[in-house]
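I have placed the structure first, in the form of structure tokens, so that the comments after it can refer back to it.
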Amino acid sequence: MERMRERIYLASLLHDIGKFYQRADTGDIQHSRYLKGKCQEEASFCPSRKGGGYSHKHVLWTAQFIDDFSAVFQHLLQEDSEVSSPNGTNLIDLAARHHLPENQLTNEEKIIKEADSLSAGMNRDSEEAFRDAEDELNPDWDVFKRKRLASILQTIDINKGSASEKTQPMYLPAGRLHLSQNLFPQKDDSSAPPDYAQLWDEFKKEFESIHSDTYVAFAETLLSLLFKYTAYIPASTANLPDVSLYDHLKTTAALAVCLYDFQQSKDNENKPPFLLIGADFSGIQPYIYQIVSKYAGKNLKGRSFYLRLLSDAVVRYLLKELHLFQANVVYNSGGGFYLLAPNTTSTKEQLQKAIRLIEQHLFEAHATALYVAIDSVPLSKDALMHRNGNDLGKVWGELFVKRDRKKMAKFADQIEANYQAFFEPILQGGEARRDTITGEEFTCQETVVKKESLLLKPVTAQQIELGQKLREADLIVVKEGEPFSFEEDFWKDKTHIAPANLGFTYYFLNEADLETKKDRLGKEADKVTVLTLNGKKGNCDFLHAMKDIHNIYGLEFYGGNEIDFRHLKTFEEMCANENFSRLGVLRMDVDNLGNIFQQGIPAHQATLSRFAALSRSFDFFFSGYLNTIWRETAPDRSFIVYSGGDDVFIVGSWDATIQLAQRIRNDFRKYTCGNPSFSLSGGIAIVQPKFPIMKGAEESEQEEQRAKSHGVTLSNGKFVEKNALSFMDMPLNWDHEYPAVEALKNELCSLLKEDEVLPKSFLSKVMQHYADSGMKTHCITRLKTYWMLTYDLSRMKERSNNDSVKTLIDACIKDVFNKDNKTLNGRSLETNYHALELWNFASRWAELEYRSNK
């Protein structure tokens, strides 16, 4: 039974690989340079069309690919050497016959056919499905090769029609994965079709380099390779091709395994066959920011990355206990994850057992500081096919509610099982019994680590070392089960950590470390995973480390792993300035994320593959591409503490954080095709360099909340919320207010720098009149402000010989008096602010910049 399960999983991963192979070919079936022998027999694999002929011919190339590498697959699955076999268990039959009518299929082939339909949200025997293959029948036979993948982000619509306001469709360039704007959505250019032949050659070369000789190691490595090469290839070229081949292959494999397990269970009648499992960590931000000493900079990154490892360890533990594959992970980033599992009694029992153990281990490791709420909801075929009033968005919303409800009763099982641990003293007390860096008290049983003059919790010491070694390491090796024995001198001197003792140890290594231990590693091929973060500065290479070592290889994104902690500047050094030094603490995240997932995809298009594509799109930007933004904007004056899921936390010089916020927002707008359903809000706390980072994080959170509470009434009466940046207690809408205020600030700075043609007293006078105005609800309540400001600025104008200064002063006076037509320094804008509020803010901003650059 296990061997058949493996066949089904691998066949599902490969069932549409022929779409990639076919697009790399130079001719149709008769003129193909790849198809040969039985793989050219349409009747064996392709369904008949009404009126004659066959459709869905890409399956022939799927069969050919498996035949090309028959020796590899025979070794993995003990397949016979024939292309097809009567019993229907041959890998080629399983992978390539999924479009045939059910009466021609074995039970196992029916599973893959159904998984393929459920992944696409489409009955593969319907007229719509046959229209989906019409491109292959076009007289211009290779028309499908010129169609590109549409970004899922341009189709999201939470504002009832806002997405349709875009007139120019945007498409993603076909290519292998890398972290640059070259993979951002672009206007379609049919005159330059994708070079599938070159892409296929690169894929095939890397495929041939997979030396894993066990099924699990091979299949999981293949999944990562498919991610690299098929994430920007459309699964379908009909209608709007907004789902990648990778997302379709991955979700089909996950669904097929669940369907097989569900069929094999004895309790599979009259209930949905799937479980959607969701989890969310709480306490992450307080845990990261709970740094009270001057060593904060050297601990923040390690602490942040530790949480990423902790989440990964929880996911790996659940996969192991539920006997699932990496393809069953729908999403894992930003302190949350979602898994697809079979809805069987044994799976649900094992899930509850695993949840209790996870909660116990987290409590033992971190007491009440961290908690993960894990829950599940049944997922029906009707919801995946949006039938009978069911849709995936509703299921997703139900899971959100259940998960959040569980967070409201966190630690309930632990309290019931161990009341004493919660309500009796376990701390030693006293300042001398606190962690020097985090301020946390030591428990009575806890070992105190002494490092120089520091007293540290063991996990804090590990996190410091983790932060220091992260940049030095090429690879992260994950060992399942017992860690390697140091008695054998197995990486004894290498940094390693086992988050919450869940049975997974993470080693931080270089490629040479693998070579020295490859014999031992090969003995535990399925228990060792070699991960490359972001793939050598954004190139997403990960098989370079293989070199005949037969383990699982993968690629993950993580924000900020390029920081060199050996030369990391202190906060004081980052913003060092002999005239003015201030630290910026930036937090940003996506607005309305819950609505995006629950309402953004229309019910009739809400497929599992689309949800996977949407989640992965966020992960690419925030966990991966954000490293590129940081590297190109302010690598010497900032560092990424955390970036993943949909949010960002960055510390740096105050002006660098503003630059980064603006670049992140602008690039995110490009990445989301200008779709008004997507926006980012952020907050920046500007503090003294030695200001406690925990308090700085709290202040930046308050600024972020100001941004998310900010609104603008437009000239058409529409009220728009969020989509703002706030600092110095002043939120500005990115579209309607920020550009005008920034332009005014820039002009003020320019005039100040130009031999000080603008007196610096101009800034102080504007700020003073604002302070005296009694501003309430964007209205001046002390009316004498109008004539006093006019008098002061007019006197200044009379003393100036510079025309630009005179024009500026006139504009200020005019703006302050102009109530009906709002302008700022001659620039029209839509805002609820009084002009004096904006002039005051621009003056404060200019003063900071002037003092920094003086």
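Among the residues of segment 688-724, those identified as of a type in the set (Gly, Ala, Ser) and closer than 19 Å to Arg669 by Cβ are Ala707, Ala724.
Restricted to segment 72-175, the set of helices (runs of 4 or more DSSP H) holding at least 1 residues that are within 30 Å of Cys673 (Cα to Cα) and modelled with pLDDT of 90 or more comprises 107-120. Sub-7 Å Cβ pairs linking a first residue in segment 288-316 that is within 15 Å of Val585 (Cβ to Cβ) to a second residue that is among the small types (Gly, Ala, Ser) and modelled with pLDDT of 80 or more, at least 6 apart or interchain, are Ile288/Ser304; Tyr289/Ala697, ordered by first then second residue. Scanning segment 591-641 for residues that are part of a loop (DSSP other than H, G, I, E, B) and in contact with a Leu (Cβ under 8 Å, 6 or more places away or on another chain), we see that the one that is farthest from Tyr232 (Cα to Cα) is Ala634. Restricting attention to segment 38-55, the residues being within 16 Å of Asp116 (Cβ to Cβ) and either of a type in the set (A, V, I, L, M, F, W, C) or surrounded by 23 or more Cβ atoms within 10 Å (Cβ to Cβ) (or both) number 2.
Against the test of being within 16 Å of the chain's Cα centre (by Cα) and open to solvent by 10 Å² or more (accessible area, probe 1.4 Å), the options Glu556, Glu572 yield a single qualifying residue, Glu556.
Looking at segment 445-465, I want the residues that are more than 22 Å from Ser304 (Cβ to Cβ) and β-branched (Val, Ile, Thr) and have a partner that is part of a loop (DSSP other than H, G, I, E, B) and at pLDDT below 85 with Cβ atoms under 9 Å, at least 6 apart or on another chain. Which pairs are those? Partner pairs satisfying both residue conditions: Thr447/Lys457; Val448/Asp435; Val448/Phe442; Val448/Lys457.
For every residue, the table says whether it meets (1) within 17 Å of Ser643 (Cβ to Cβ); (2) open to solvent by less than 10 Å² (accessible area, probe 1.4 Å).
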{"site": "Phe305", "(1), (2)": "yes, yes"}
{"site": "Ala327", "(1), (2)": "no, yes"}
{"site": "Ala365", "(1), (2)": "no, no"}
{"site": "Val372", "(1), (2)": "no, yes"}
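Residue-wise test of (1) in contact with a Leu (Cβ under 6 Å, 6 or more places away or on another chain); (2) among the aromatic types (Phe, Trp, Tyr); (3) more than 30 Å from Thr214 (Cα to Cα).
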| site | (1), (2), (3) |
| --- | --- |
| Ile8 | no, no, no |
| Asp25 | no, no, yes |
| His31 | no, no, yes |
| Lys36 | no, no, no |
| Glu41 | no, no, yes |
| Cys46 | no, no, yes |
| Phe69 | no, yes, no |
| Gln74 | no, no, no |
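Note on segment 768-854: enclosed helices (runs of 4 or more DSSP H) holding 1 or more residues that are over 46 Å from the mean Cα position of the chain (by Cα) and not aromatic (Phe, Trp, Tyr) are 784-799, 803-817.
Give me a count of the residues in segment 593-642 that are open to solvent by less than 10 Å² (accessible area, probe 1.4 Å) and within 14 Å of the chain's Cα centre (by Cα).
14
Of all the numbered requirements in (1) in contact with a Phe, Trp or Tyr (Cβ under 9 Å, 6 or more places away or on another chain); (2) assigned to a strand (DSSP E or B), Pro689 misses one, and that requirement is (2).
Taking the numbered list (1) open to solvent by less than 70 Å² (accessible area, probe 1.4 Å); (2) of a type in the set (D, E, K, R); (3) in contact (Cβ under 8 Å) with a residue 12 or more places away in the chain in turn, Arg844 passes all entries but (1). Considering segment 20-59, the residues that are out of contact with any Ser or Thr (no Cβ under 8 Å at 6 or more places or on another chain) and among the charged types (D, E, K, R) include one that is nearest to Pro194 (Cα to Cα), namely Arg23.
When the criteria are applied in full, Leu783 fails the requirement of being touching a helix residue (DSSP H, G or I) at 6+ places or on another chain (Cβ under 7 Å) and under 14 Å from His834 (Cβ atoms). Of Asp213, Asp267, all but one fail to be assigned to a loop (DSSP other than H, G, I, E, B), open to solvent by 20 Å² or more (accessible area, probe 1.4 Å), charged (D, E, K, R) and over 28 Å from Ile355 (Cα atoms); the exception is Asp213. Can you tell me which residue is most open to solvent (accessible area, probe 1.4 Å) among those in segment 216-242 that are under 30 Å from Lys523 (Cβ atoms) and touching a Ser or Thr at 6+ places or on another chain (Cβ under 8 Å)? That would be Glu220.
Suppose we filter Asp413, Asp375, Asp382, Asp312 for residues that are of a type outside the set (A, V, I, L, M) and in a strand (DSSP E or B); which single one remains? Working first, answer last.
Values: Asp413 fails: in a strand (DSSP E or B); Asp382 fails: in a strand (DSSP E or B); Asp312 fails: in a strand (DSSP E or B).
Among Asp413, Asp375, Asp382, Asp312, only Asp375 is of a type outside the set (A, V, I, L, M) and in a strand (DSSP E or B).
Got at least one residue in segment 752-760 being open to solvent by less than 70 Å² (accessible area, probe 1.4 Å) and of a type outside the set (A, V, I, L, M, F, W, C)? Taking every residue of segment 752-760 in turn, at least one turns out to be open to solvent by less than 70 Å² (accessible area, probe 1.4 Å) and of a type outside the set (A, V, I, L, M, F, W, C).
Within segment 710-725, the set of residues being part of a loop (DSSP other than H, G, I, E, B), crowded, with 21+ Cβ neighbours inside 10 Å and without any contact (Cβ under 8 Å) to a residue 60 or more places away in the chain comprises just one member, His710. Taking segment 330-349 as the range and being closer than 26 Å to Gly283 by Cβ and either at pLDDT below 95 or open to solvent by 10 Å² or more (accessible area, probe 1.4 Å) (or both) as the test, the residues that pass are Val330, Tyr331, Asn332, Ser333, Gly334, Gly335, Gly336, Phe337, Tyr338.
Scanning segment 688-700 for residues that are charged (D, E, K, R) and open to solvent by 80 Å² or more (accessible area, probe 1.4 Å), we see that the one that is modelled with the lowest pLDDT is Lys690. In contact (Cβ under 8 Å) with a residue 12 or more places away in the chain, more than 19 Å from Leu824 (Cα to Cα) and open to solvent by 30 Å² or more (accessible area, probe 1.4 Å) - does that describe any residue in segment 781-790? The answer is yes, given that some residue of segment 781-790 is in contact (Cβ under 8 Å) with a residue 12 or more places away in the chain, more than 19 Å from Leu824 (Cα to Cα) and open to solvent by 30 Å² or more (accessible area, probe 1.4 Å). Note on segment 448-484: residues that are open to solvent by less than 60 Å² (accessible area, probe 1.4 Å), polar (S, T, N, Q) and out of contact with any Phe, Trp or Tyr (no Cβ under 6 Å at 6 or more places or on another chain) total 1. Would segment 726-739 turn up any residue that is assigned to a loop (DSSP other than H, G, I, E, B), within 46 Å of the chain's Cα centre (by Cα) and over 30 Å from Phe668 (Cβ atoms)? No - not one qualifying residue is present in segment 726-739. One residue stands out in segment 797-839 among those that are free of Cβ contacts under 8 Å to residues at least 24 places away in the same chain, closer than 17 Å to Lys765 by Cβ and of a type in the set (Gly, Ala, Ser): the one that is surrounded by the fewest Cβ atoms within 10 Å (Cβ to Cβ), namely Ala811.
State all residues of segment 28-55 that are assigned to a loop (DSSP other than H, G, I, E, B) and aliphatic (A, V, I, L, M); if no residue qualifies, say none.
Ile29, Leu35 - these are the residues of segment 28-55 that are assigned to a loop (DSSP other than H, G, I, E, B) and aliphatic (A, V, I, L, M).
Picking from residues in segment 100-119 that are over 15 Å from Leu10 (Cα atoms) and surrounded by 24 or more Cβ atoms within 10 Å (Cβ to Cβ), the one that is nearest to the chain's Cα centre (by Cα) is Ser119.
The values are calculated or read from the model by the stated rules, or taken from the named source; none is laboratory data. Here the structure is a predicted model, which is why all the values come from computation and not from measurement. Note: ideal-geometry Cβ built from the backbone for every residue, glycine included; neighbour counts use all protein chains shown. In case anyone asks, the SASA skips ligands and DNA or RNA and just uses the protein heavy atoms, side chains included. Shrake-Rupley method; radii C 1.70, N 1.55, O 1.52, S 1.80 Å.
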